[in-house]
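Q: This structure is in structure tokens; I'll ask about it shortly.
Nothing in this text is a laboratory measurement; each read-out follows from the coordinates by a stated rule. Small disclaimer: the values here were computed from a predicted structure and weren't measured. Positions of Cβ are backbone-derived with ideal geometry, glycine not excepted, and every protein chain shown enters the neighbour counts.
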Number of protein chains: 2
Amino acid sequence: MPGKHPYSERYFEDYTAGEIVEFGDESVDEARIVNFAREYDPQAFHIDPVAAARSPFGGLVASGWQTAALMMRMMVDHFVSSHSLGSPGIDELRFLAPVRPGDRLRCRLTVLSTSPSKTKADRGSITQKVEVLNQAGVAVLSCIGRGFYRRRPETPKS
Amino acid sequence: MPGKHPYSERYFEDYTAGEIVEFGDESVDEARIVNFAREYDPQAFHIDPVAAARSPFGGLVASGWQTAALMMRMMVDHFVSSHSLGSPGIDELRFLAPVRPGDRLRCRLTVLSTSPSKTKADRGSITQKVEVLNQAGVAVLSCIGRGFYRRRPETPKS
């Protein structure tokens, strides 16, 4: 179970359009790249360093789906609150630059908009742009995500 | 390394808009769901069957990123050719229905369009809709993906 973090108790009302947050530190080495790719994306340039050296990538690179999964891990560890109700999906997922063994990744998240649900009174949705940056500050992945969050319960009036 | 499949030697020219292909068979059990989620998406409803039973999902569900990764595995095993040059990204990734322990997944892929590169003479891009279906035929995930493929080398004229 992930530990508590500063956003753990946020409700829908606690997110504000324009807010920018940076968080996370995930290291990627050859074993981690190959382990993921053997199960989920066994293309030569993800699992075989020798073949990868001869590929257009010039060396082993992580599956874009692993980079996306690492983004999710950083989101869960540092941003997603316990009042999250999941996500309907992701738009504009872009694999911008290779992730290579030795890279260290972090996230930069921008809240784009917040919107109360029109059909469910207990929740609202947050739309956010997330960029995954490497140790050189180069964006290796970006996407627009949407998440549902519970609204803050009303406090009984005294 | 993935084995050969009927699409292994396809070049850009071999893909046709309107073509529909079904392929893949990936089983998901509790251990596979929990193993992925512990590393990449450790939210309670992905890693803790007891907490998941009390969540809005009513039981353990796979991370949407794992379902996407399983889609990629089925693509690599059955569709992506050895002349693939990677993907710039994905649009309209939608998590449509929960994936639960015991589910068996397959893909239905529709080629939406094909387009020669305007800047690189050696390649073209294929745009495809992919749906992941469970054993009941329910779509659990869908997305629009784009992939680059090498063009067929010209045969020398005699």
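Q: In degrees from 0 to 90, rounded to the nearest 10, what is the angle of the helix B:64-78 Cα long axis to the longest principal axis of chain B?
A: So the inclination is approximately 40 degrees.
Q: Net charge around residue A:56, counting only other residues with Cβ within less than 15 Å of its Cβ (Lys, Arg = +1; Asp, Glu = -1)?
A: Numbers: positive: A:54, A:100, B:120, B:123, B:150, B:151; negative: A:48, B:122.
Result for the local shell: +4.
Q: Further question: Neighbour counts of other C-beta atoms within 10 Å: give me A:82, B:81 arranged from fewest to most.
A: Ordered from fewest to most neighbouring Cβ atoms within 10 Å, A:82, B:81 come out as A:82, B:81.
Q: Looking only at A:56, A:116, A:42, which one moves most when chain A is put into a Gaussian network model with springs between Cα atoms under 10 Å?
A: Maximum fluctuation in the GNM of chain A, among the listed residues, is at A:56.
Q: Further question: Could you tell me the distance between the Cα centroids of region B:67-108 and region A:72-103, to the nearest Å?
A: Value for the Cα centre distance between the two parts: 17 Å.
Q: A further question follows. I need B:36, A:79 ordered by Cβ neighbour count within 10 Å, fewest first. Show your work: numbers first, answer last.
A: Working: B:36 25, A:79 21.
Sorted ascending by nearby Cβ count, the order is A:79, B:36.
Q: Given a cut-off of under 8 Å on Cα pairs at least six residues apart, what relative contact order in percent is computed for chain B?
A: Relative contact order comes out at 30 percent.
Q: Count charges around residue A:104 for me, please; just the other residues with Cβ under 10 Å from its Cβ, Lys/Arg as +1, Asp/Glu as -1.
A: -2
Q: If you don't mind, another one. Please give the helix B:30-40 orientation as an angle from the longest Cα principal axis of chain B, in degrees from 0 to 90, rounded to the nearest 10.
A: Approximately 70 degrees, to the nearest 10.
Q: To one decimal in nm, how far is residue B:88 from the same spot in the other copies, if labels go 7 Å from Cα toward Cβ? Please give the shortest first.
A: Nearest to farthest, the other copies are at 2.7 nm.
Q: Sort shortest first the distances from residue B:31 to its counterpart in every other copy, using label points 7 Å along the Cα-to-beta-carbon line, and give them in nm.
A: The answer, with the shortest distance listed first, is 2.1 nm.
Q: Let me ask you something else. Can you compute the modelled spin-label distance between residue A:96 and residue B:110, with each label point 7 Å from Cα toward Cβ, in nm?
A: According to this spin-label approximation, the distance is 3.2 nm.
Q: Compute the label-point distances linking residue B:120 to its equivalents in the other copies; points lie 7 Å from Cα along Cα→Cβ; give nm, one decimal, shortest first.
A: Going from nearest to farthest copy, the values are 4.1 nm.
Q: A further question follows. Averaging over every viewing direction, what projected area does the convex hull of the Cα atoms of the protein assembly as shown cover, in nm²?
A: If I average the Cα hull's projected area over directions, I get 19.0 nm².
Q: Continuing with the same structure: If you average 1/r over every pair of different alpha-carbon atoms in region A:25-158 and take one over that average, what Kirkwood value in Å do you get?
A: So the Kirkwood estimate lands at 16.4 Å.
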